[in-house]
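The values are calculated or read from the model by the stated rules, or taken from the named source; none is laboratory data. Quick caveat, the model's predicted, so the values are computed rather than measured. Neighbour counts run over all protein chains shown; Cβ positions are idealised from the backbone, glycine included.
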Amino acid sequence: MHLALQNAETINRLVEQGELLLKSFHVEYEKDPAGWNTEFVRGELIGWRSTLHTLYHDYAEDIVTRVVARTHLPIPDGEVPSGAAHAF
């Protein structure tokens, strides 16, 4: 299953959701790197990424890469079943 064969509207929404979560994480991280809100948003971002892996398997990182490219922000560390090279 290649990502290009998926519904473009769905993929775009997933990218937009990832952008919102990643930007929110970085805002909270700037306020308090170890704060509750930072960790909450980190968990939301990890959940989003984990769901991508469940649905799109090897192509999930293509969506993550689009988010990173559009935001120019790194993905924070977290437990995701992937060999991704994104790290904070």
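Please give the number of the condition Asn37 fails out of (1) modelled with pLDDT of 95 or more; (2) within 14 Å of the chain's Cα centre (by Cα); (3) on the phi < 0 side of the Ramachandran plot.
(2)
Taking the condition of being more than 20 Å from His72 (Cα to Cα) and charged (D, E, K, R), how many residues in the stretch 1-52 meet it?
Result for the stretch 1-52: 3.
Considering only residues that are of a type in the set (A, V, I, L, M, F, W, C) and within 13 Å of Val67 (Cα to Cα), which ones fall in the stretch 26-56?
Leu45, Trp48, Leu52 - these are the residues of the stretch 26-56 that are of a type in the set (A, V, I, L, M, F, W, C) and within 13 Å of Val67 (Cα to Cα).
Okay, residues lined up against (1) free of Cβ contacts under 8 Å to residues at least 24 places away in the same chain; (2) surrounded by 17 or more Cβ atoms within 10 Å (Cβ to Cβ); (3) in a helix (DSSP H, G or I); (4) of a type in the set (Val, Ile, Thr):
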site	(1), (2), (3), (4)
Asn12	yes, no, yes, no
Ser24	yes, yes, yes, no
Gly47	yes, no, yes, no
Ile63	no, yes, yes, yes
Arg66	no, yes, yes, no
